[in-house]
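Taking it in order: structure first as structure tokens, then the write-up.
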Amino acid sequence: MDNLPRRDKINYYLDIAETVLERGTCLRRNFGAIIVNNDEIVSTGYVGAPRGRANCCDLGYCTREKLNIPKGQRYELCRSVHAEANAIISASRKDTMGATLYLACHDAKTNELYGDVEPCSMCKRLIINSGITTVIIRTTKDTYRTINVQSWIENDDSLEGTDGY
């Protein structure tokens, strides 16, 4: 019997994050996030409107897109809760302390992997306060970027716009 090569653990978790994003409802980009602590999945999150409210995919339009708002700007006009925020909301802080957040993104129109992203400034704040120490972002099917959350604290960019949804 041939043994197939075993998937490395980081890409295993990124594969799960990529599956989670399939539930996303954004018409621009769909993110999937999972929080892992001590090799256990703590929670998952994807992009979607608050519970009970209509999603952009149900309405058939994105307000920010309709207004030609560039990515990374004017999130207060977005109907959705971001994947990272949904994962944090679904977890206890004691389970997020020292955890890793795995993040994957697909372009909603083409469904292609979109690896040149990072959490928006609001999600960065939530990640910092949740006690998550590492964020790993899928860049290709087998590669990823690792971010030490401490660098966001040391290089405070809270007033700058960032790439994102």
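The values are calculated or read from the model by the stated rules, or taken from the named source; none is laboratory data. Small disclaimer: the values here were computed from a predicted structure and weren't measured. Glycine gets a Cβ as well: all are built from the backbone with ideal geometry, and neighbour counts include every protein chain shown. In case anyone asks, the SASA skips ligands and DNA or RNA and just uses the protein heavy atoms, side chains included. Shrake-Rupley method; radii C 1.70, N 1.55, O 1.52, S 1.80 Å.
Report, in deg cm²/dmol and to the nearest 500, the calculated mean residue ellipticity at 222 nm for the chain, where each DSSP H run with n ≥ 4 adds -39500 (n - 2.57) and the sum is divided by the residue count. Value at 222 nm, helices only, nearest 500: -6500 deg cm²/dmol. Among the protein heavy atoms, those of I89 account for about 120 Å² of accessible surface (1.4 Å probe, every chain in place).
Relative to the longest principal axis of the Cα atoms of the chain, helix 121-130 runs at roughly 40 degrees. Shown here: Cα extents along the principal axes in Å, derived from the displayed model; of the candidates (i) 54, 41, 29; (ii) 49, 40, 29; (iii) 45, 44, 29, it corresponds to (i). Entry comment: accessible area of the stretch 1-158 is 56 Å² per residue, from protein heavy atoms only and a probe of 1.4 Å. Of the trypsin sites (Lys or Arg not before Pro) found in the stretch 98-155, those that fall in a DSSP loop while having at most 13 other beta-carbon atoms within 10 Å are K109, K141. Rounded to the nearest 10 degrees, the angle from helix 9-20 to the longest Cα principal axis of the chain is 30 degrees.
Residues whose amide H comes within less than 5 Å of that of T134, counting only those at least five positions distant or on another chain, are L101, V149 (H built at 1.01 Å from N in the peptide plane). Rolling a 1.4 angstrom probe over the chain with all protein chains present gives an accessible area of which 49% lies on carbon and sulfur atoms.
Scanning residues 5 or more positions from Y144 or on other chains, those with amide H under 5 Å from its amide H are T139, with H placed 1.01 Å from N in the peptide plane.
Among beta bridges identified by DSSP and lying wholly in the chain, the antiparallel ones come to about 85 percent. Of the residues Y13, A99, G48, the one whose Cα sits farthest toward the positive end of the charge dipole of the chain, with +1 on the Cβ of Lys and Arg and -1 on the Cβ of Asp and Glu, is G48.
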